[in-house]
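In what follows, a structure is listed as structure tokens, so that the remarks can point back to it.
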Amino acid sequence: MSEPIDIATPRRTREILEKYDLNVKKSLGQNFIIDTNILKNIVAAGDVDEETTVIEIGPGIGALTEQIAKSAKEVFAFEIDDRLLPVLDETLSDYSNVTIFHQDILEVDFEKFQTEYLKESSRIVVIANLPYYITTPIIMHLLSSSLPVETMVLMMQKEVASRLEAQPSTKAYGSLSIAIQYYTEVEIAFTVPKTVFMPQPNVESAVIRLNVRETPAVQVKDETLLAKIVRASFVQRRKTIWNNLRRALDNKEQEETLRAAFASADIDPSRRGESLTIQEFGALADALVAFELTDFT
Ligand code: SAM
């Protein structure tokens, strides 16, 4: 018998969509990959081997899932669109190491999932061709969960990938760069042309690798405060960090204390937020805690 044809070919993808009378839902970010080489490169970027448990978001018709299943110990994939469940049943029937859950990834209780399914897992990797309309919420949901994920290999809009890896004093650097780099080391693995998708998206794509840090990039006394001041510092990018934080201060009578916190953290208040490293934001957050100035909106 001849080898079955990979799902990620234009012909097989078209056949599957026709057989199940599926019209692609743009609202769910459905752009299916039709190039097996790209998928193999994604799996390789996750160093997936027979010891690796993979969590996949949005298996679609199973193209990436299939390539992961060939190398991984097991794959747990979460798909929101119920129309795709019978499709996946058929396309992945040869792979006994795949489990599909019909669930919105943002609704998954990872603590429960970990206890029920990941007890035997020695290495956990997340791999996905993400639905682009919720890239950031998905990454933050995973990073703030208790899941012991080692690496995430994620396809996303190229412009978002640039923001995630951006360094201080660049146009793309902002609160998103800091939020992600707080938890992970970011590498852009490779860029991906529109032509490998069916249907083609309007934007260019990139695959990034997030290596989850054992401890956050900076240790602070109050993580919530750090997040608040980072967000506030970028509200008006062209203004100084002083102006942005002064505006965000609940009690305007505390401006002098704010000035003292800047001095104590050795940060010039006339700088722009975009010039500060995570470590400098961390030092400022700790100085604010020391001066008991934590009420920012
Ligand atoms: N993995 C397939 C591929 O690479 O060809 C499909 C990727 S497609 C870009 C994104 C997939 O995510 C779609 O199958 C879509 O239905 C699914 N999806 C969208 N929102 C989701 C959510 N909140 N939770 C789980 N899956 C979701």
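The table below lists the values:
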item: Subset of segment 148-174 [over 14 Å from the mean Cα position of the chain (by Cα) and either more than 24 Å from E280 (Cβ to Cβ) or not aliphatic (A, V, I, L, M) (or both)]; result: P148, Q167, P168, S169, T170, K171, Y173, G174
item: Residue list for segment 6-48, filter: closer than 28 Å to F113 by Cα and free of Cβ contacts under 8 Å to residues at least 60 places away in the same chain; result: K25, L39, K40, A44
item: Conditions (1) open to solvent by 50 Å² or more (accessible area, probe 1.4 Å); (2) part of a loop (DSSP other than H, G, I, E, B): number failed by L147; result: (1)
item: Qualifying residue in segment 201-217 (condition: touching a Gly at 6+ places or on another chain (Cβ under 6 Å), at pLDDT 95 or above and part of a loop (DSSP other than H, G, I, E, B)); result: no
item: When residues of segment 67-83 are limited to those that are touching a residue at least 40 places away in the same chain (Cβ under 8 Å), within 10 Å of the ligand (Cβ to nearest atom) and not polar (S, T, N, Q), the one farthest from V108 (Cα to Cα); result: I68
item: Within segment 92-133, considering residues that are β-branched (V, I, T) and within 22 Å of E50 (Cβ to Cβ), the one nearest to the ligand (Cβ to nearest atom); result: I127
item: Cβ pairs under 6 Å, 6+ apart, first in segment 170-183 and among the aliphatic types (A, V, I, L, M), second part of a helix (DSSP H, G or I); result: A172/S162; A172/R163; L176/R163; I178/V230; I178/I278; I180/L164
item: Where R237 falls short, out of the listed (1) in contact with an Asp or Glu (Cβ under 9 Å, 6 or more places away or on another chain); (2) open to solvent by 40 Å² or more (accessible area, probe 1.4 Å); (3) in a helix (DSSP H, G or I); (4) not hydroxyl-bearing (S, T, Y); result: (3)
item: Positions within segment 141-174 being within 13 Å of the ligand (Cβ to nearest atom) and within 19 Å of A227 (Cα to Cα), in sequence order; result: H141, L142
item: Test: residue in segment 152-163 that is assigned to a strand (DSSP E or B), under 27 Å from D49 (Cα atoms), touching a residue at least 60 places away in the same chain (Cβ under 8 Å) and of a type in the set (V, I, T); result: yes
item: Residues (charged (D, E, K, R) and either surrounded by fewer than 16 Cβ atoms within 10 Å (Cβ to Cβ) or outside any strand (DSSP E or B) (or both)) located in segment 109-129; result: D109, E111, K112, E116, K119, E120
item: Residue list for segment 130-144, filter: aliphatic (A, V, I, L, M) and not in a loop (DSSP other than H, G, I, E, B); result: I134, I138, I139, M140, L142, L143
item: Extreme residue, most open to solvent (accessible area, probe 1.4 Å), among residues of segment 39-59 that are more than 13 Å from the ligand (Cβ to nearest atom) and in contact with a helix residue (DSSP H, G or I) (Cβ under 7 Å, 6 or more places away or on another chain); result: D49
item: So I55, is it of a type in the set (A, V, I, L, M, F, W, C) and touching a residue at least 40 places away in the same chain (Cβ under 8 Å); result: yes
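The values are calculated or read from the model by the stated rules, or taken from the named source; none is laboratory data. Given the structure is predicted, the values throughout are model-derived calculations rather than measurements. Backbone-built Cβ (ideal geometry, glycine too); neighbour counts: all protein chains shown. For accessibility, only protein heavy atoms count, side chains too; no ligands or nucleic acids. Shrake-Rupley method; radii C 1.70, N 1.55, O 1.52, S 1.80 Å.
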